[in-house]
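Only one structure is covered here, and it is reproduced in the block below.
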Amino acid sequence: MRKILLVGLALVLVAAVNTALAQEQAADTQNKPISWDNWRAAKAAAEKFDNEGKFVEALQYYLEYARQAEGLGSQELVAWGKNNAAYMIIKRHKLDATIDLAPAKKLLEEAMAIGEAREDCKKSLALNMEYVEFFLKK
């Protein structure tokens, strides 16, 4: 019983540290000035975390990617950033069905409203929305 309690306490501690680190990373990205260098850095970090399976961190950097693109006036890149952020939520949902897909739906709706999105982006948005709506209707 004591071992179970210690393991549980350790898991709670690890979760708390991970949450604190994620919040620190999010705060760090939101304070960056708008620039192409910062957009490229956000893109690289998002892709790195995505490839490592760290979808929460990737989500934060895709949101920063979209914020940077918005500030740079590139609506096409904003659409991709929001699509990719939504896809990180979908990836998390595929691993854990309790993950709420409503934020993904909101990001996808915002991205779909961007008229400058290219056809390949629109196709990706539609596929991701199809997934989200299927599970939200359940």
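The values are calculated or read from the model by the stated rules, or taken from the named source; none is laboratory data. Keep in mind that this is a model prediction, so the values were computed, not measured. Every residue, glycine as well, gets a Cβ built from its backbone with ideal geometry; the counts of neighbours run over all protein chains shown.
If only one of ALA86, ALA113, ALA102, ALA69 is among the small types (Gly, Ala, Ser), closer than 14 Å to VAL132 by Cα, modelled with pLDDT of 95 or more and surrounded by fewer than 24 Cβ atoms within 10 Å (Cβ to Cβ), which one is it? Step through it out loud before you land on a result.
Details: ALA86 fails: surrounded by fewer than 24 Cβ atoms within 10 Å (Cβ to Cβ); ALA113 fails: closer than 14 Å to VAL132 by Cα; ALA69 fails: closer than 14 Å to VAL132 by Cα.
On inspection, the qualifying residue turns out to be ALA102.
If you take the residues in the range 72-83 that are buried (at least 19 other Cβ atoms within 10 Å of the Cβ) and of a type outside the set (Lys, Arg), which one is nearest to ALA42 (Cα to Cα)? Please lay out each step first, then the result.
So the first thing to find is which residues in the range 72-83 are buried (at least 19 other Cβ atoms within 10 Å of the Cβ), and the list is 77-83.
Next cut, of a type outside the set (Lys, Arg) only: 77-81, 83.
On the way: LEU77: 12, VAL78: 13, ALA79: 15, TRP80: 13, GLY81: 10, ASN83: 15 Å.
Applying the filter and picking the extreme gives GLY81.
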Give the residues of the range 96-138 that are assigned to a loop (DSSP other than H, G, I, E, B) and β-branched (Val, Ile, Thr), sorted by residue number. THR98, ILE99, ILE114
Could you grab the pairs with beta carbons closer than 9 Å, sequence gap of 6+ or different chains, first residue in the range 111-122 and farther than 12 Å from LYS82 by Cα and acidic (Asp, Glu), second one in a helix (DSSP H, G or I) and modelled with pLDDT of 95 or more? GLU116/GLN75; GLU116/GLU76; GLU116/VAL78; GLU116/ALA79
The lone condition GLY53 fails out of (1) in a helix (DSSP H, G or I); (2) without any contact (Cβ under 8 Å) to a residue 24 or more places away in the chain is (1)
Quick one: what pairs do we get from the range 34-45, first residue basic (Lys, Arg), second crowded, with 18+ Cβ neighbours inside 10 Å, C-beta under 8 Å, 6+ apart or different chains? LYS43/TYR61; LYS43/TYR65
